[in-house]
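First the structure, in the form of structure tokens, and then the observations on it.
The values are calculated or read from the model by the stated rules, or taken from the named source; none is laboratory data. All of these numbers come straight from a predicted model, not from anything done at the bench. Neighbour counts are summed over all protein chains in view; Cβ atoms, including those assigned to glycine, are modelled from backbone coordinates with ideal geometry. Only protein heavy atoms, including side chains, enter the accessible area calculation; ligands, DNA and RNA are left aside. Shrake-Rupley method; radii C 1.70, N 1.55, O 1.52, S 1.80 Å.
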Amino acid sequence: MKKAVVMGASSGIGMEVAKLLLADGWIIGVAARRTDLLEQLKDTAPERVVMETIDVNADGAEDMLLSLIVTLGGMDLFFYAPGIGWQNPTLEPDKENNTVTTNALGFTRMVGTAFRYMATHGGGHIAAVTSIAGTKGLGPAPAYSATKAFQNTYLQALEQQANARKLNIRFTDLRPGFVDTALLGDGNRYPILLRKEDVAYEMVEAIRHHKHIWVIDWRWRILTALWRRIPRWVWRRLDLNTKSSQ
């Protein structure tokens, strides 16, 4: 049976993807900082779910991931969903610094661990939830958009390295638009808000069809294609701040 590790499975997209993989017959290892919701997921299929409490920013997170993989009995798919972010136009230091710590350092720590494991155990598939926010620098969320661009580039670099080393490792960079999860529970209005269930389904399909980069959904594919064509002198003059719904 196919085996997957789902990081960030306690809520949002990660949990929905874990549910879809279970429904498709996978054995899964689930990990997150919060164990209570992981227990609920395990109760749905106890014989096919193993779990581990992992904080991607904690010392020893790499060893805990490797321990989960051993308990699972291997890993064909590594699905990475953890991430934080805020609209932070005033550049509050804690928000900026914590975003960089989680989305850049934590991401590198865990994806790098998965890559090294697959490089020495016959390969596999690494899929990571990044964002359309990495397309251009977004003034309302500087650290978030910058770290998402970092993630895009890091995955691209690993894919190039895997090919150069002739490693059997595939990659899927999953770039959703705004998704109706707790991450966006800040009272602001967001355009083209997507259902997490729909996003998860499209992500699993993208993985199944070995997509390299997949923007979710079709409306965001059109918008991000347009964003890339906007000259810098125009982009820097745009006001992208959203208005509070309160």
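If I filter region 138-160 down to residues being open to solvent by less than 20 Å² (accessible area, probe 1.4 Å) and modelled with pLDDT of 95 or more, which single residue comes out as nearest to Thr102 (Cα to Cα)? Here the answer is Thr147.
The single condition among (1) within 22 Å of Phe115 (Cα to Cα); (2) polar (S, T, N, Q); (3) open to solvent by 10 Å² or more (accessible area, probe 1.4 Å) that Asn103 does not satisfy is (3). As a summary of the residue check, Val30 satisfies the conditions (1) open to solvent by 30 Å² or more (accessible area, probe 1.4 Å); (2) of a type outside the set (D, E, K, R); (3) touching a Leu at 6+ places or on another chain (Cβ under 8 Å) except for the one numbered (1). Figure legend. Inter-residue proximity from region 1-25: first residues part of a helix (DSSP H, G or I), second residues hydroxyl-bearing (Ser, Thr, Tyr) and buried (at least 24 other Cβ atoms within 10 Å of the Cβ), beta-carbon distance below 9 Å, spacing 6+ or different chains. Indicated pairs: Gly14/Tyr80. Within the set Ala128, Ala133, Ala81, Ala119, the sole residue that is within 14 Å of the chain's Cα centre (by Cα), over 15 Å from Ala4 (Cβ atoms) and of a type outside the set (S, T, N, Q) turns out to be Ala133. Among the residues of region 48-64, are any open to solvent by less than 10 Å² (accessible area, probe 1.4 Å) and more than 30 Å from Ala141 (Cβ to Cβ)? For region 48-64, residues open to solvent by less than 10 Å² (accessible area, probe 1.4 Å) and more than 30 Å from Ala141 (Cβ to Cβ): present. Listed by first and then second residue, the pairs with beta-carbon distance under 8 Å, at least 6 apart or on different chains, first residue in region 151-179 and under 28 Å from Asp198 (Cα atoms) and in a loop (DSSP other than H, G, I, E, B), second of a type outside the set (Ser, Thr, Tyr) and open to solvent by 80 Å² or more (accessible area, probe 1.4 Å), are Gly177/Arg219; Phe178/Leu193.
Inside region 106-135, residues that are open to solvent by 40 Å² or more (accessible area, probe 1.4 Å) and within 19 Å of Ile213 (Cα to Cα) make up a count of 1.
Rundown of residues vs (1) at pLDDT 95 or above; (2) out of contact with any Pro (no Cβ under 6 Å at 6 or more places or on another chain); (3) exposed (fewer than 15 other Cβ atoms within 10 Å of the Cβ), yes/no style:
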{"site": "Leu183", "(1), (2), (3)": "no, yes, no"}
{"site": "Val204", "(1), (2), (3)": "yes, yes, no"}
{"site": "Ile207", "(1), (2), (3)": "yes, yes, no"}
{"site": "Trp214", "(1), (2), (3)": "yes, yes, no"}
{"site": "Arg219", "(1), (2), (3)": "no, yes, yes"}
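A residue that is under 29 Å from Arg208 (Cβ atoms), open to solvent by 40 Å² or more (accessible area, probe 1.4 Å), modelled with pLDDT of 95 or more and not aromatic (Phe, Trp, Tyr) cannot be found anywhere in region 79-92.
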